[in-house]
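Structure first, then comments.
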Amino acid sequence: MATARTGLKIDWARMPTYNTLMSVAAGAGLLLVVALGFRLLKGQSVVPDSWALAFGTLGLILFATGLHMTLTWPLAGQGFPFDNIIFGEPALAFGTLLLAAAFFLWKRGTSLEGPAGRRRTVAVLTGPVSLFVLGMGLACFAIAAAGWKYTLFAAPPEEPISGEFADYPLLEASFISALYVLVGLGAILFPAVLRRRGGPVAWIVGVCWTIGGLAFLLFGALNYFTHIGLIVNTM
């Protein structure tokens, strides 16, 4: 039976640890946004109901978990109060945007048919929503900077796999911070994509969100093993 390598103990009854699900949902959400954007920019047909279902499912997960984590302050009182800001608030923001997109696709998805309809849709999206996306992009930059400065994402030695690099805290901090930079860069450039209806900026956003989405999805899936191990080793 696995045993903890140090004396670290965590009261898991008071420590919500569902950023595994949040990471998988956020990664999938980013990939789907890129996929839908690609189809729209290429003039390909879409089935609005299917995209509404996908965005609604992921949005509900991120909204619920993000809202709970955001309002649970400080998180468990175990020295992780920054998790509310780093994980909870971005998840809440992204989940809300996905729910809004799902509602739009469900109610007005037919407006995406034809070039004229898509131009009208883009005109709607270039308003306040894109401003909020830009603001959250700047927030991602701030989170990345904090992660690098304070090495916030370093795993304890009790955590399998990631804990093997506990003596190099800057390594994991740099990995997660780099993901926030990618997502933040895409968010900051997103309003320009809407204004220009594509172009090189759209390609940059697509690359940033594709890499970031894949990384968050795979890292979240891996954490289903590493976090279970951390719980077993620190109970």
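The values are calculated or read from the model by the stated rules, or taken from the named source; none is laboratory data. Note that this is a predicted model, so its numbers are computed, not measured. Cβ sites come from the backbone with ideal geometry, for glycine too, and all protein chains shown count toward neighbours. In case anyone asks, the SASA skips ligands and DNA or RNA and just uses the protein heavy atoms, side chains included. Shrake-Rupley method; radii C 1.70, N 1.55, O 1.52, S 1.80 Å.
The table that follows gives values for the structure above.
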{"item": "Only listed residue being part of a helix (DSSP H, G or I), surrounded by fewer than 15 Cβ atoms within 10 Å (Cβ to Cβ) and in contact (Cβ under 8 Å) with a residue 40 or more places away in the chain, chosen from Ala187, Ala142, Ala215, Ala221", "result": "Ala221"}
{"item": "Yes/no for Gly147 being within 19 Å of the chain's Cα centre (by Cα) and either open to solvent by less than 30 Å² (accessible area, probe 1.4 Å) or more than 20 Å from Gly95 (Cβ to Cβ) (or both)", "result": "yes"}
{"item": "Test set (1) crowded, with 17+ Cβ neighbours inside 10 Å; (2) among the charged types (D, E, K, R); (3) not in a helix (DSSP H, G or I) - Glu172 fails condition number", "result": "(3)"}
{"item": "Matching residues in region 1-30 - criterion: being surrounded by fewer than 18 Cβ atoms within 10 Å (Cβ to Cβ) and either within 29 Å of Pro200 (Cβ to Cβ) or at pLDDT 90 or above (or both)", "result": "Leu21"}
{"item": "Among residues of region 196-235, those that are of a type in the set (A, V, I, L, M) and within 30 Å of Ser130 (Cβ to Cβ), counted", "result": "10"}
{"item": "Residue list for region 127-139, restricted to those being open to solvent by less than 40 Å² (accessible area, probe 1.4 Å), of a type in the set (A, V, I, L, M, F, W, C) and out of contact with any Phe, Trp or Tyr (no Cβ under 7 Å at 6 or more places or on another chain)", "result": "Ala139"}
{"item": "Contacts under 7 angstrom Cβ, first residue in region 127-138 being of a type in the set (Ser, Thr, Tyr), partner buried (at least 17 other Cβ atoms within 10 Å of the Cβ), 6 or more apart", "result": "Ser130/Phe190; Ser130/Pro191; Ser130/Leu194"}
{"item": "Filter pass, Gly109 being surrounded by fewer than 16 Cβ atoms within 10 Å (Cβ to Cβ), at pLDDT below 90 and touching a helix residue (DSSP H, G or I) at 6+ places or on another chain (Cβ under 6 Å)", "result": "no"}
